[in-house]
1. Go through the range 82-104 residue by residue and tally those that are surrounded by fewer than 24 Cβ atoms within 10 Å (Cβ to Cβ) and not in a helix (DSSP H, G or I).
2. Could you run through the range 189-218 and say how many residues are assigned to a loop (DSSP other than H, G, I, E, B), open to solvent by less than 60 Å² (accessible area, probe 1.4 Å) and aliphatic (A, V, I, L, M)?
3. Hey, does the range 119-138 have a residue that's modelled with pLDDT of 95 or more and part of a strand (DSSP E or B)?
4. Restricting to the range 50-72, count the residues that are part of a loop (DSSP other than H, G, I, E, B) and in contact with a strand residue (DSSP E or B) (Cβ under 9 Å, 6 or more places away or on another chain).
5. Show the residue pairs meeting these rules: Cβ distance below 8 Å; 6+ apart or different chains; first residue within the range 280-300 and free of Cβ contacts under 8 Å to residues at least 24 places away in the same chain and over 16 Å from Val147 (Cα atoms); second residue open to solvent by less than 10 Å² (accessible area, probe 1.4 Å) and part of a helix (DSSP H, G or I).
6. Taking only the range 149-177 into account, find how many residues are closer than 22 Å to Ala304 by Cα and acidic (Asp, Glu).
7. How many of the residues making up the range 266-279 are on the phi < 0 side of the Ramachandran plot, touching a residue at least 24 places away in the same chain (Cβ under 8 Å) and outside any helix (DSSP H, G or I)?
8. Out of curiosity, is Ala249 open to solvent by 10 Å² or more (accessible area, probe 1.4 Å) and within 16 Å of the chain's Cα centre (by Cα)?
Amino acid sequence: MAVFNGRPVSLLGSGMYVPEKVLTNKDLEKIVDTNDEWIRTRTGIVERRVASDDQVTSDLAYLAALEALRSCSLSPKDLDMVIVATNTPDTIFPSVAAKVQGRLAATKAGASDIQSGCTSSVYALTYAAAGIASFLWERVLVIGAEVLTRLLNWEDRSTCVLFGDGAGAVVLGVSPDDKNRVISASLRSDGTKSDLIILPGGLVECPASVEMIEKKLHTIHMKGNDVFKFVNKELPPFLSEFCDESGLALDDVDWWIFHQANYRIVESVLRRLDVSMDKAILNVDKYGNTSSASVFLAFHEAKAEGKVKRGDKVVMVSFGSGMTYGATLIEV
């Protein structure tokens, strides 16, 4: 747990990009043995976006970055660091961040990818805020970007209906006043549950081979019920403790922006906290689970729509493969 008592850090701007192609539940009925009602009632998802054949993760990240920089009138040359949270990089190396940094011509910036499951966005945001608070950087571009549809087994209805593609971005910098600031963050993991969400094939543990592909080990595998149980056990006490150590009551939080994995998960966690669903920002119905992109997509849309207003206290919460989880408190 960290409360940022050093140099104050602000979220200066945000942006997003989602591909044009929409894949609805009705479309999925033609691909796999499922139906619209089953998907809606169990996940809250109605549709999701799919990257075009000529798009990769760095393309989506770049377009989200441009909007985020425009929103706060900054040039790429103003950046000291580019951090990309992703679990679906174009390649293991070079990093997505390096490609985006080069494409932006952010000539004074370093670049690094962060991979911590769907919590990668909250991890990356925390690293960026810590770097600015400690005077390492002045301005950092943080992007969450995923092309998950390339890693799905389209014969597995338990996973292929869940995920979509997209990118969200935020720009952090030195706070211009005492309102807009990153207040605190906490990052956790339980590596004993690292088998709950996996993509086993293609690297050191299971190198690429014909057999690997035939077994579809290069696609996402998930123990959905176990993930649901884990999140409902760990997140309520974690979030209660997080708010307490951040110096505010649960009721003091204006908006909860959860990783948009599943409507039922958000509903269940907030019910255990005795927090109204009216305080939850949700767009899982439109985009599905976009992993590292989801909290940034939800934040940007909520701010653009006027839901999140100046002075609001927002908790970004995520959980994912690892099993990792974490939260960041921001006053907008």
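The values are calculated or read from the model by the stated rules, or taken from the named source; none is laboratory data. Owing to the predicted nature of the structure, the values given are computational and were not obtained by experimental measurement. Cβ coordinates were reconstructed from backbone atoms using ideal geometry, including for glycine residues, and neighbour counts include every protein chain displayed. All accessible areas refer to the heavy atoms of the entire protein, side chains included, with ligands and DNA or RNA removed. Shrake-Rupley method; radii C 1.70, N 1.55, O 1.52, S 1.80 Å.
1. Applying the first criterion (surrounded by fewer than 24 Cβ atoms within 10 Å (Cβ to Cβ)) to the range 82-104 yields 89-95, 98-99, 102-104.
Keeping just the survivors that are not in a helix (DSSP H, G or I) gives 89-95.
Residues flagged as surrounded by fewer than 24 Cβ atoms within 10 Å (Cβ to Cβ) and not in a helix (DSSP H, G or I) within the range 82-104 amount to 7.
2. Residues flagged as assigned to a loop (DSSP other than H, G, I, E, B), open to solvent by less than 60 Å² (accessible area, probe 1.4 Å) and aliphatic (A, V, I, L, M) within the range 189-218 amount to 2.
3. Checked the range 119-138: no residue is modelled with pLDDT of 95 or more and part of a strand (DSSP E or B).
4. Pass one, the range 50-72, residues part of a loop (DSSP other than H, G, I, E, B): 51-56, 72.
Next cut, in contact with a strand residue (DSSP E or B) (Cβ under 9 Å, 6 or more places away or on another chain) only: 51-52, 72.
Counting residues in the range 50-72 that are part of a loop (DSSP other than H, G, I, E, B) and in contact with a strand residue (DSSP E or B) (Cβ under 9 Å, 6 or more places away or on another chain) gives 3.
5. Asn283/Leu297; Asn283/Ala298
6. Residues flagged as closer than 22 Å to Ala304 by Cα and acidic (Asp, Glu) within the range 149-177 amount to 2.
7. Step one: list which residues in the range 266-279 are on the phi < 0 side of the Ramachandran plot, which gives 266-273, 275-279.
Retained after the next criterion (residues that are touching a residue at least 24 places away in the same chain (Cβ under 8 Å)): 268-269, 272-273, 275, 279.
Checking the rest, the ones that are also outside any helix (DSSP H, G or I) come to 273, 275.
Residues in the range 266-279 being on the phi < 0 side of the Ramachandran plot, touching a residue at least 24 places away in the same chain (Cβ under 8 Å) and outside any helix (DSSP H, G or I): 2 in total.
8. Working: open to solvent by 10 Å² or more (accessible area, probe 1.4 Å): yes; within 16 Å of the chain's Cα centre (by Cα): no.
Against the criterion (open to solvent by 10 Å² or more (accessible area, probe 1.4 Å) and within 16 Å of the chain's Cα centre (by Cα)), Ala249 does not qualify.
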